[in-house]
Amino acid sequence: MDQPLQSTLPVMDHHWLPFTNNRLFRQEPQVFAKAEGVRYWTHDGREVLDGSSGLFCCAAGHGRPEIADAVHRQLMTLDYTPHFQRAAPISFEFATALAGLLPAGLDRVFFGGSGSEAVDTALKLCLAYHRSRGEGQRSRFVSRQWAYHGVNLGGTSLAGMVANRRDFSGVTCAVSHMRHTWSEEQRYSRGQPETGLDKAEDLEEICRTYGGDTIAAVFVEPVAGSIGTIVPPKGYLERLRAICDAHGILLVFDEVITGFGRLGAPFAGQEFGVTPDVMTMAKALTNGTIPMSAVACKTGIQQTIIEAARGDRPEFFHGYTYSAHPVACAAGLAALSIYRDEGLFERGQAMSDRFLDGVFGLRNLAQVADLRGYGMMAGIQLRPGAVPGEKGSRAQRALFDAGLHVKATGDALIFAPALVVEEADLDRMLEVLQKVLGRADL
Ligand SMILES: Cc1ncc(COP(=O)(O)O)c(C=O)c1O
């Protein structure tokens, strides 16, 4: 960047930042004013490498002119269409392009505006499906400890990260939680752990307790992302699939982070060879440029709901003002073209070994307690300080000061650079991690 964009900070009193300690932020603001490729620049012109693709959104890197041009063209052609009883050609075009990437059989797409909306849409879609086929008693959901499924009330009900649900009791729906799959013997395991398959039996136990025929769906992140990259044990997702099939329960993969090549294949379902009935996606759907999410379901699920509808009423009483926003569709189509034309998923796959070698090379650093990783996604668990989460917060700030943006959750860092990252930039990111996490006084 040639010169600082803006050396003074804006007035910061009015915008209440999400998932932020706003008091601390005002004392030590971390403000990005520009981005390009895998780099951010702060308001005073300091370069900060992007080690988390923003928030796991910008798989193709920042500032892609192809997306900017497509968005501009769409704004000048058709800036908005309501999608209740109306439509724009571009949403059909985008859904068709997406269907070509999705796991076989999942080819019906419902659009929303965020990952949280996708999760709530998926919850309602599962309920509507069972009701349509005369199994309205299926109203319970199953999720997992440490899960993150967004912050709307449905997603908060599914949440397994305690802080995300603690203050919101009384408004959540019936959810049983399986145990998370991490255990001590998995420490420093690269790829899918050998142990932990038995945790899938928690689902059988929940079926025994409540009756398998009362459960509508099981929601899992195929790789649990926000908690710090917990990779499923070998055979675990397959076993969940088998138990769901045995009890007529729908299996939902929340692929808001894992979608679009983060793990290698376009989606985790293909990467692990396990096909869910329903899946959610967002973030890299538009390369993070315009808020948008999608829920894909098997053809038969949509057909069942449509066929059960009476008269000319809508068959699914659900939708958002911004569902399938034409400008977001334009951004999404442009993002998918970049992914295809640049072979980005294959690029991520090819870079993964070097990435994971680098991550697992951090093993002996003073602050590192565990490492986990798959594809282009890794979790760096830090040695906790006196108060849980304090070390993660301190590390995140120290990394920012040293020129690297990485998302922290509690005492875990989630390292997931863009799939376009060059080897030299990846090495620079790893050098910053080495330097900061090697500090005994952090
Ligand atoms: C697995 C998963 N589901 C849902 C969400 C919620 O997405 P959003 O923040 O766009 O609402 C996230 C966000 O990180 C996520 O990781």
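For this structure, a couple of remarks:
- Verdict on T156 being in a helix (DSSP H, G or I), within 16 Å of the ligand (Cβ to nearest atom) and free of Cβ contacts under 8 Å to residues at least 40 places away in the same chain: yes
- Residues of region 137-148 that turn out to be hydrophobic (A, V, I, L, M, F, W, C) and within 11 Å of the ligand (Cβ to nearest atom), as a count: 1
- Only one of the numbered conditions (1) exposed (fewer than 13 other Cβ atoms within 10 Å of the Cβ); (2) touching a residue at least 60 places away in the same chain (Cβ under 8 Å) is not met by F111, and that is (1).
- Odd one out for A97, checked against (1) part of a loop (DSSP other than H, G, I, E, B); (2) of a type in the set (G, A, S); (3) within 30 Å of A217 (Cβ to Cβ): (1)
- Within region 227-251, considering residues that are touching a His at 6+ places or on another chain (Cβ under 9 Å) and within 15 Å of the ligand (Cβ to nearest atom), the one nearest to Q192 (Cα to Cα): I230
- Single residue of Y339, Y320 found to be surrounded by 16 or more Cβ atoms within 10 Å (Cβ to Cβ) and in a loop (DSSP other than H, G, I, E, B): Y320
- Exactly one residue among R108, R73, R86 is part of a helix (DSSP H, G or I) and among the basic types (K, R), and that residue is R73.
- Screening V151 on (1) within 16 Å of the ligand (Cβ to nearest atom); (2) of a type in the set (A, V, I, L, M); (3) outside any loop (DSSP other than H, G, I, E, B) shows it passes everything except condition (3).
- Residue within region 113-120 that is under 21 Å from the mean Cα position of the chain (by Cα), within 16 Å of A284 (Cα to Cα), modelled with pLDDT of 95 or more and more than 16 Å from the ligand (Cβ to nearest atom) present: no
- Some residue of region 253-272 being within 15 Å of the ligand (Cβ to nearest atom), buried (at least 22 other Cβ atoms within 10 Å of the Cβ) and assigned to a helix (DSSP H, G or I): yes
- Residues (more than 24 Å from S352 (Cβ to Cβ), surrounded by 13 or more Cβ atoms within 10 Å (Cβ to Cβ) and within 25 Å of the chain's Cα centre (by Cα)) located in region 49-94: G63, E66, I67, A68, A70, V71, I90, S91, F92, E93, F94
The values are calculated or read from the model by the stated rules, or taken from the named source; none is laboratory data. These figures come from a predicted structure and were not determined experimentally. All Cβ positions, even for glycine, are placed from backbone atoms using ideal geometry, and neighbour counts span all protein chains on display.
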